[in-house]
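To start, the structure under review is shown below, and the notes come after it.
We did not get these values from a lab; they are worked out from the coordinates using the rules stated. Every value quoted in this text rests on a predicted model; they were computed, and no experiment measured them. Virtual Cβ from ideal backbone geometry, glycine too; neighbours counted across all protein chains shown.
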There are 4 protein chains.
Amino acid sequence: MTTALIIGAGSGLSASLARKLHQRGHRIILASRDTSDLSGLASETNAVLVDCNARDRDDMARLFDTVDAHGPLDVAIYNPSARLRGSVETLDPETVENAILVSAYGAFLMAHHAAKRMLDQGSGAMLFTGASAGVKGFANSSTFAMGKFALRGLCQSLARELHPKNIHIGHFVIDGGIAKDPADNPEYRMLDPDAIALSYVHFLDQHPSSWAWEIELRPQAEKF
Amino acid sequence: MTTALIIGAGSGLSASLARKLHQRGHRIILASRDTSDLSGLASETNAVLVDCNARDRDDMARLFDTVDAHGPLDVAIYNPSARLRGSVETLDPETVENAILVSAYGAFLMAHHAAKRMLDQGSGAMLFTGASAGVKGFANSSTFAMGKFALRGLCQSLARELHPKNIHIGHFVIDGGIAKDPADNPEYRMLDPDAIALSYVHFLDQHPSSWAWEIELRPQAEKF
Amino acid sequence: MTTALIIGAGSGLSASLARKLHQRGHRIILASRDTSDLSGLASETNAVLVDCNARDRDDMARLFDTVDAHGPLDVAIYNPSARLRGSVETLDPETVENAILVSAYGAFLMAHHAAKRMLDQGSGAMLFTGASAGVKGFANSSTFAMGKFALRGLCQSLARELHPKNIHIGHFVIDGGIAKDPADNPEYRMLDPDAIALSYVHFLDQHPSSWAWEIELRPQAEKF
Amino acid sequence: MTTALIIGAGSGLSASLARKLHQRGHRIILASRDTSDLSGLASETNAVLVDCNARDRDDMARLFDTVDAHGPLDVAIYNPSARLRGSVETLDPETVENAILVSAYGAFLMAHHAAKRMLDQGSGAMLFTGASAGVKGFANSSTFAMGKFALRGLCQSLARELHPKNIHIGHFVIDGGIAKDPADNPEYRMLDPDAIALSYVHFLDQHPSSWAWEIELRPQAEKF
């Protein structure tokens, strides 16, 4: 049984992904800064829970010790991000530093540890949740722009580096809000987490002769 | 039974698409400048064959008359393109004009006629085969760059225009050669047409809350 | 005395460029579909006037015969474009074809003829007026998107092809309206043609060790 | 007399910029982690030297105290970056964190402090030195990709935020090596620092009706 790791497991998207990957037969590991609300999802998907601050080097090293205890790592997914709004002169510099590290540096840490394992076994996939802020820098959003552009740069670099080594990189540009309750999403104004997850899984199903490294997803009515 | 139209039906990718869409229950219409080699595919997929020069206004109007005779148009796919290599001062201007019209203007003609029908019925999907030349203008490839950039501009414009009206646009950036014989594709150096077609079909399966308009596909070993 | 050719000479930007290039000591050739309004500018800049439909192969061949009669071609500028608005199903296909050819194919014709001359002499510059429509495909603007994306693809391809041969390509993404009367441009809501021309001239002044091929220009208040 | 601040002052590009801005009448402030080699440039350009680690919040706060002692800040330039090569699984995580902070977070700190001052006075310009790594993520260069993509995201966000407030943002994509000795640069294989500086100064000369926020510069022979 191969393992699927989901970091930033507290979101609705992570829950959809956990369910789909569980159905596909993966052993699920859910990592989050605070796993106290995740016991329901964990029992539903038979998942292991790990407390972990994604930007913390020691936490991430420990997380991958846990991963190693559960068999080969087939899929690693990075979801955390820190959004911060405000004009550049008013932002608190310390909060900005933390936000960049959560959005991008934590993703590097995952890639660093996951690549070691996947290169050894000769296969694997890493999927990263980006945002429209990673392809367009909006006013009063300099921090989120830095974090999400950095994440995209990381993924593009990793695709060039790891695709030839049979490790598949996916960067998902989520453009729009994600519905908290998919049943309450009139006119599909928000992205349905299950619908997003369908595209993540498509990347896992792509054949090595025809890999993508990026896709932009948005509601059909979204302006862009 | 809904109809799936494939223009530029003579390629291996078109054959893969025809088979997949036939399996999904669509009535297939295959259009090509020369359909004389397509009788095998046509009988395999129970398809209608139409001779048609995609850049010719009259031909395309006639093609859609045939489409109308076979029920609602659910999927329209545009594959033709004209590549021309050579430094800009050596190219034959008349050949260049024709190449641009085949690569981009024919796609507009399909979109023009298909949109009329899909807007009336309130749904549909149009898929366009692009190339890396549509996102990167290579030396000695000015003609192909013009044609494929124009195609991409058309698709991006149509996505903004038609997605809110429930018509799904897909632009596929094919980066690499397509294998003529998928059984002879060592190390997946070329794109397998069936593997490409899987991503076309994924677009048809996306939920309106999470639509993409573009994806880049390449062999895992391809430099980019 | 070297020659500077300006195609699409009827615009305010072309007038600014003609004056600046005249001041820099170039012999000016102004080409336009209709030169009847250009006699004032021609006498001010001591320019030759040529009637020419930029998308017409014969007209463009004749234009370069005139160019040859006036000495080495140092600078060639392409300004014509055809904008067309409307949803894709309502556009007139014949008008669309003409618009694409004016926006992009005419630029190819200029590049084709100018490259022959500039390659022989071992130097030169070609500058092309693009638009935000060339980097973003807007709804109800599929025709302009095709034309301006194609123009950008042409320029990027030419930059890769001709920069190493000492021919400088410039693609100017004009994002916003151009002021008809610069004295009536409150809060700089529109681009001042003289201000645009300053950046065109900057490209001519760049050193071969540090060439750009593209720049986006917009009013400081413009949303983008 | 207005002030021009150059952070990362130890490079050849910074020396060229210091000379040009000094000639234009600015009071020059040169900041660097190590200013011990900068006394020659400082006396040539009558500059103030400040020791400063650009990613350090306290250092940067102190730097701007010094700036305030020398009059209104008209131009602020950010040059530091940390390149790190190696495959993702081999990189040292602590070194990676530092590199991201130097390439991008220090630029944020400059923007944060400079914006306060420039917004108060109603004008100013901030120029940032990017790299091709900020638009293309290369293999074995994940760290530099993260830093330079983040820098570009910051600049694009700041352009949208601050251009309407009369503060001009410039992001310079330097694609190629910078010549240490411009006299030894056969066939212009590297960028000449004086030639680069010419484009920085062009941004300062642009009119508010026609501002750019980005330009890519490379040797005419550079592949891209």
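The mean count of C-beta atoms from other chains within 10 Å of the C-beta of residues in C:133-145, rounded to a whole number, is 6. The protection proxy used here, the mean number of other Cβ atoms lying within 10 Å of each residue, ranks peptides D:75-87, A:84-96 as follows, highest first: D:75-87, A:84-96.
Using only the alpha-carbon atoms of the stretch A:52-95 as identical scatterers, what base-10 log of I(q)/I(0) does the Debye formula give at q = 0.15, 0.23, 0.25 Å⁻¹? Log10 I(q)/I(0), no solvent term: -0.57, -0.89, -0.97. When each of the peptides C:203-209, A:5-11 is scored by how many other beta carbons lie within 10 Å of its residues on average, the order from highest to lowest is A:5-11, C:203-209.
Partner shielding of D:8-18 amounts to 0, given as the average count of beta-carbon atoms from other chains within 10 Å of each residue beta-carbon.
Applying the Karplus relation 6.51 cos²θ - 1.76 cosθ + 1.60 with θ = phi - 60° to the stretch A:133-138 yields 3J(HN,Hα) values of 4, x, 10, 9, x, 8 Hz, where x marks Gly and Pro.
Applying D = kT/(6 pi eta Rh) to the stretch A:50-126, where Rh is the Kirkwood radius over alpha-carbon pairs, T corresponds to 20 °C and eta to 1.002 mPa s, the Stokes-Einstein value obtained is 156 µm²/s. With one equal scatterer per alpha carbon and no solvent term, the Debye-computed log10 I(q)/I(0) for the stretch D:105-213 at 0.12, 0.23, 0.24 1/Å reads -0.48, -1.24, -1.28.
Normalising the average separation of contacting C-alpha pairs (under 8 angstrom, six or more residues apart) by the number of residues puts the relative contact order of chain D at 18 percent. If the reach is capped at under 27 angstrom between alpha carbons, list the lysines near A:Lys223, excluding any in the same chain fewer than eight residues apart. Within the straight-line limit of under 27 Å, A:Lys223 reaches these lysines: A:Lys136, A:Lys148, A:Lys180, B:Lys116, B:Lys136, B:Lys148, B:Lys165, C:Lys136, C:Lys148, C:Lys223, D:Lys136, D:Lys165. Over all Cα atoms in the protein assembly as shown, the spread is summed up by Rg and Dmax: 27.9, 85 Å.
Using alpha carbon centroids, what distance separates the stretch B:6-69 and the stretch C:157-189, in Å? The two parts, judged by their Cα centres, are 43 Å apart.
Taken along the Cα-to-beta-carbon direction at a fixed 7 Å, the label points for A:Phe138 and B:Asp120 span 4.0 nm.
One quarter of the convex hull surface built on the alpha carbon atoms of the stretch D:163-224 amounts to 4.7 nm², the projected area averaged over directions.
Distances between every pair of Cα atoms in the stretch A:49-186, grouped in 10 Å steps from 0 to the bin holding the largest one, split as 12, 37, 33, 16, 2 percent.
Close amide H pairs (under 5 Å, H built 1.01 Å from N) link A:Ile28 with A:Ala4, A:Val48, residues at least 5 positions away or on another chain.
Does the stretch A:1-75 come out rounded, prolate or oblate, given a ≥ b ≥ c as the square roots of the eigenvalues of its C-alpha gyration tensor, rounded meaning a/c under 1.5 and, failing that, prolate meaning a/b above b/c? It is oblate, given that a/c is not under 1.5 and a/b is not larger than b/c. When you restrict to C-alpha pairs under 8 Å that are six or more residues apart and normalise by the size of the stretch C:92-224, the relative contact order lands at 25 percent.
Averaged over the residues of peptide D:160-169, the number of Cβ atoms from other protein chains lying within 10 Å of each residue's Cβ is 5. Contact order for the stretch B:165-224, expressed relative to its length and based on alpha carbon pairs under 8 Å spaced 6+ residues apart, stands at 51 percent.
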